[in-house]
1. I'd like the GluC sites (Glu not before Pro) in the stretch 118-170 restricted to DSSP loop residues with at most 11 other Cβ atoms within 10 Å, sorted by number.
2. At a Förster radius of 41 Å, what calculated FRET efficiency corresponds to the Cβ-Cβ distance of Asp222 and Asp19, to the nearest 0.05?
3. Take the alpha carbon atoms of the stretch 224-240, find their center, do the same for the stretch 18-67, and report the distance between the two centers in whole angstrom.
4. How large is the charge dipole for the stretch 70-172, taken about the Cα centre, if only the Cβ atoms of Lys, Arg (+1) and Asp, Glu (-1) carry charge, to the nearest 20 debye?
5. For Leu88, Leu162, what ranking results if the residue with the fewest other Cβ atoms within 10 Å of its Cβ goes first?
6. Kindly list the residues of the stretch 157-192 that lie in the label zone of Lys208, defined by a backbone N under 18 Å from the point 7 Å along the Cα-to-C-beta vector.
7. Quickly work out the Glu66-to-Asp33 label distance, labels modelled 7 Å from Cα along the C-beta direction, and quote it in nm with one decimal.
8. Considering only the chain, what is the antiparallel percent among its DSSP beta bridges, to the nearest 5?
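Values in this text are rule-based calculations from the coordinates and carry no lab data. All values reported here derive from a predicted model rather than from experimental measurement. Please note: Cβ atoms are built from the backbone with ideal geometry, for glycine as well, and neighbour counts cover all protein chains shown.
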Amino acid sequence: MTKAEIQFVRSLADKRTRDSEQLFVAEGIKLIDEIRASRIKIRHIYTTRHDIVGDNVTIVERRDMERISQLKTPSDCLAIVEQPRHKLSLKALQAKLILALDGVQNPGNVGTIVRLADWFGVEDIICSKECADIYNPKVVQATMGALLRVRVHYVDNLAEILKSAAAEGTPIYGTLLDGKNIYSKRLANHGIIVMGNEGQGVSEECRKTLTHKLFIPPYPADRPTSESLNVAMATGIILAEFRRGK
């Protein structure tokens, strides 16, 4: 690899470069094979393996892979991938169940939530601009390939989007301490589920748009327990309840 190639690949660790170039880095043969089988275009592949061939494949030395890898333990295959473009149409989403992330900043949480969405058949996630970038290397790895099937949309004003959706009759769900027990609440098969920031929960602006407030109770209810659930864990519980019996 040339120095210029190494510098360019390493520069994609920065969000500003990823945004300007409309590219991201994917590592690991399993993930890259999934991308190759999808409609998402791979710009170039760097690998230490000799069984991967193609016009856009370059065989590199192990030391070069260590230089360009964004993982603690470098893989033997790294791809430069074009970011897919998704259009957000709330009207088209009215009959679906979708997620909205309100300031979820931990890359591992965002990646896990995308993976959960994929498992539970949620095809679209709306993110506030404060959320971790879907193309952050840690997020990409945490999705385990789910980002190929889940459309992630970033918006400048999530509260306004939720307000507009609620005005059109879309149920807006959120988990709050004063919400109703999710296990006894009748849940629709469509709507927007709002998941809040790791420390602050759902913001005041988004809270005002909620049409249904939910609560995941501890068990037993009167036993001292943790202050709250991890946002990704809570998302899994909520999605499981929405899909129960559907």
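1. Numbers: sites: Glu123, Glu130, Glu160, Glu168; in loops: Glu123, Glu130, Glu168.
Those satisfying the criteria are Glu168.
2. Working: r = 49 Å, r/R0 = 1.20.
E between Asp222 and Asp19, to the nearest 0.05, is 0.25.
3. Taking the Cα centre of the stretch 18-67 as reference, the centre of the stretch 224-240 is 35 Å away.
4. On the way: 11 positive and 11 negative charges, 27 e Å.
Rounded to the nearest 20 debye, it is 140 debye.
5. Values: Leu88 15, Leu162 27.
Neighbour counts put them in this order, fewest first: Leu88, Leu162.
6. Backbone N within reach: 157-168, 172-174.
7. Placing both labels 7 Å beyond Cα along the Cβ direction yields 2.7 nm.
8. Details: 11 of 36 bridges.
Rounded to the nearest five, the antiparallel share is 30 percent.
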